[in-house]
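Asks: Take a look at the following structure, please.
The values are calculated or read from the model by the stated rules, or taken from the named source; none is laboratory data. Model, not experiment: these values are computed from the prediction. Every residue, glycine as well, gets a Cβ built from its backbone with ideal geometry; the counts of neighbours run over all protein chains shown.
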Amino acid sequence: MWDHPQPRGKGEDVAADPAGTAEIRGALARLRRMTGLPVAFGGLVEPGRSRMRISEFSGAATLALSGLAVTSGNGLGGKAVALARPCVVTDYSLSRQISHEYDAAVAEEGLRSVLAIPVVVRRRVRGVLYGALRTAQPLGDRTLNTAVVVARDVEQALVVEDEARALLCEAGRRPARDTAPGPGWEQVREAHAALRALAPRIGDPALRAELLEACGLLTPGEGGQPVQLAPRELDVLACVAAGATNAVAAERLGLRSETVKAYLRSAMRRLGAHTRGEAVAAARRAGLLP
């Protein structure tokens, strides 16, 4: 069975792994696992266009739907895009609630009962998650509600990615790491702390690596005696350096306050520091923080 996107070549080029693809792909596996539906598929709405393209699959038996462009308002997914709300049919080919432009592809895959859940970020539909049965039977409220929860998780992940990309753009306008601290350096430190806080929450490996690379560009590089800190120790220290309390750092990093304190104590020990301020100063001397 096809668990990854398979090119179908319907006459138009498909963008290579656009932003959000990794989140859609992971969500489909969760959707099947949490609902027991045998087939899940989905894709992203193309930027600036009123259609989405089906590109990700979990449990599909054919290539029938691969690369299919679904126009807003058409079919079940297009209806979900147009209305920005979940849509369900018990028997796709016989349903009078939808138009039938895509019946041939749906029939080739052998799908009958289908749900389509829009992924909505800041009032804009960014993608659609589908789940389906190969038999015509009602999809109950429990299945629908679970699918909605999975879609909400994707929405939150896309919000985080949007914030990360905005920070990357902002970081690109900051002084280079070999620039001596000046009037704008506090903003550099704030950007560094925000990037480090977001990186562990990013599902897209390429974007996560880009965030960490940007963090490196915002730091001055190795200073005196080399010091090694674990990634989470550095995350906590970056938040502290930006003025965050333990409670605020915990909220930003998705950790418990006790865990933040443990990481901070460990970082202080590695840096030979006795206070938070000493730890931040030592990390800056070592070139670990801007």
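Asks: Restricting attention to region 40-85, and to residues there that are among the β-branched types (Val, Ile, Thr) and over 18 Å from Thr21 (Cα atoms), which single residue is surrounded by the most Cβ atoms within 10 Å (Cβ to Cβ)?
Replies: Going through region 40-85, the residues among the β-branched types (Val, Ile, Thr) turn out to be 45, 54, 62, 70-71, 81.
Filter once more, keeping what is over 18 Å from Thr21 (Cα atoms): 62, 71.
On the way: Thr62: 14, Thr71: 17.
Only one residue tops the list, namely Thr71.
Asks: Same structure again: On the given criteria, is Gly140 within 27 Å of the chain's Cα centre (by Cα), farther than 25 Å from Ala22 by Cα and surrounded by fewer than 20 Cβ atoms within 10 Å (Cβ to Cβ)?
Replies: It is false that Gly140 is within 27 Å of the chain's Cα centre (by Cα), farther than 25 Å from Ala22 by Cα and surrounded by fewer than 20 Cβ atoms within 10 Å (Cβ to Cβ).
Results for (1) of a type in the set (Asp, Glu); (2) touching a residue at least 60 places away in the same chain (Cβ under 8 Å); (3) under 28 Å from Ala19 (Cβ atoms); (4) surrounded by fewer than 22 Cβ atoms within 10 Å (Cβ to Cβ), shown as yes or no for each residue.
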residue	(1), (2), (3), (4)
His192	no, yes, yes, no
Arg196	no, no, yes, no
Pro205	no, yes, yes, yes
Ala209	no, no, yes, yes
Val260	no, no, no, no
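Asks: While we're looking at this one, here's another question. Applying the selection to region 269-289, what residues are in a helix (DSSP H, G or I) and either of a type in the set (Ser, Thr, Tyr) or crowded, with 20+ Cβ neighbours inside 10 Å (or both)? Walk me through how you get there before you give the answer.
Replies: Of all residues in region 269-289, those in a helix (DSSP H, G or I) come to 269-271, 276-285.
Result: Leu271, Ala279, Val280, Ala282, Ala283.
Asks: Also, I was wondering about something else. Evaluate the following for Ala244: is it small (Gly, Ala, Ser), outside any helix (DSSP H, G or I) and at pLDDT 90 or above?
Replies: no
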